[in-house]
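To start, the structure under review is shown below, and the notes come after it.
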Amino acid sequence: MNRRLHLGRLATLLTLGPALSACSSGLNALKPSSTYGFTEGVSYGPHPRQKLDVYRPTRPAPPGGWPVVVFFYGGSWHWGSRAEYTFAGEALASRGVLALIADYRLYPDVRYPDFLDDSARATAHALREASRLGGNPQRVYVMGHSAGAYNAAMVALDERWLKAQGHSPAALAGWIGLAGPYEFLPISNPQAQVVFHHPDYPPGTQPIDYVRPHAPRAFLGAAHDDHLVNPVRNTEQMAERLKAAGAPVQMKLYEGVDHVTLVASMAWSLRWMSTVLDDVSSFMLQDPKTTTASK
C-alpha cells in the first residue's frame, strides 16, 4: 500500500469515531514492546470510566524521577478509550516520560462539566502517585488531543477543577495541547452542541478566558491544515493570549499532517510524518525553571 492511500484510509477511519478502534489496532500492533512496562486499569475514582493505564519507561530514571504526563484523548466527548491509545503511551515512554492514559466519562452519560471533574481526578492521582511510580512529582504535565486538549487546558488554566481535588494548577510543570479547541462559542458542531447544553451554554466554558500571567508553561501544536478545529482561532490565538499575559508558551504548526494524523504521527510506524513526539517530549524533558515565554 502506498503512503498516500494508507494515509487516506487512516484519516477516514479515525474521523469516523466509533471505527477508531479498528485503525488503532494496527498502530498499536506495530509498536515496540521493549520501551515500557505496563499497568492496566488503575482506578482514580469510583466510576468504571475513571481508570487509567500506566506506561513506565524501561530506561533508567533521571535524578528525581521521570517526568509524568496524563494524556486525554479526543473524540468530541462522545467516544474513545484508553486501549486505543497504547501507541501514544509507548511513544511517550520511549522518550523517558512516565505516561498515564486516562479514560473519562462521555456523552450521553455526562455532559459539561463532568468530564473535567474526571480529568482533574486523574491529574490529582498523578500528583499523588508520581513518586511511587518512579516519576518526579515536581514534573507532572497534562496533555491532550482535540477534545482531550480542551480537558487538559481547563485543568491547567481554570483552578476550579484541581482545587476541588485539593490541588492547584501551580502544582503542574506545564500542559500540552494538540489541535485543541480553546475558544469555540457559538458551537456549530452538533456533537459538541449537546455536550455543552446548546443553546444555553453555561458561563466559563472557554479555556482562553482563564489565561493569566502565572499559568503553567504550555506547548501548543496543531496541523497547519486542520479543517476540524481552526488552528488560527484556537492554537494561534491561545498562544498569543498566553504570550501577552507573560506566561511561557511554545507553539508549532505542522505541515503534512491534519487534525487526525497529528496525533497518529506519534505512533512508531508513522513518526516520519511529523516531529510532534520529539517536540512534546523535549518540552517535558527540559527543566521548567529555565523556560521563558516564546512563540
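Just so it is clear, none of the values below were taken in a lab; they were calculated from the coordinates. Just so it is clear, the structure is predicted and the values come from calculations on it, not from any experiment. Every residue, glycine as well, gets a Cβ built from its backbone with ideal geometry; the counts of neighbours run over all protein chains shown.
Within straight-line reach of Lys163, meaning a Cα separation under 17 Å, sit the following aspartates and glutamates at least 8 residues removed in sequence or on another chain: Asp114, Asp117, Asp118.
Quick one: length gained pulling Ala171 to Ser81 fully straight, 0.36 nm per residue minus the C-alpha distance? Numbers along the way, then the final one.
Values: separation 90, 0.36 × 90 = 32.40 nm, distance 2.67 nm.
Answer, rounded to one decimal: 29.7 nm.
Taking the mean number of other Cβ atoms within 10 Å as a proxy for protection, how do you rank 105-116, 140-151, 238-249, 188-199 from highest to lowest? Numbers along the way, then the final one.
Values: 105-116: 17.2, 140-151: 29.0, 238-249: 19.0, 188-199: 14.8.
Listed from highest to lowest mean packing, they are 140-151, 238-249, 105-116, 188-199.
Principal axis extents of the C-alpha atoms in segment 27-290 (largest first, rounded to whole Å): 50, 41, 38. List the lysines whose Cα sits under 25 Å from the Cα of Lys31, skipping any in the same chain fewer than 8 residues away. Candidates past the 8-residue exclusion: Lys51. In this label model, Ser131 and Ser33 are separated by 3.5 nm, measuring between points 7 Å along each Cα→Cβ vector. Specify whether the C-alpha gyration tensor of segment 216-293 places it in the rounded, prolate or oblate class, a ≥ b ≥ c being the square roots of the eigenvalues: rounded for a/c under 1.5, otherwise prolate if a/b is larger than b/c and oblate if not. It is oblate, given that a/c is not under 1.5 and a/b is not larger than b/c. What you get for the chain, charging only the Cβ of Lys and Arg (+1) and of Asp and Glu (-1), is a dipole of about 620 debye around the Cα centre.
Determine the percent antiparallel among the DSSP beta bridges restricted to the chain, to the nearest 5. Expressed as a percentage, antiparallel bridges in the chain total about 30. Shown is the FRET efficiency for Ala244 and Lys289, computed with R0 = 22 Å from the Cβ-Cβ distance and rounded to the nearest 0.05: 0.50. Would you please state which residues of segment 101-121 a label at Arg160 would reach in this model, taking the label point 7 Å out along Cα→Cβ and a backbone N cut-off of under 19 Å? From segment 101-121, the list is 105-107, 110-121.
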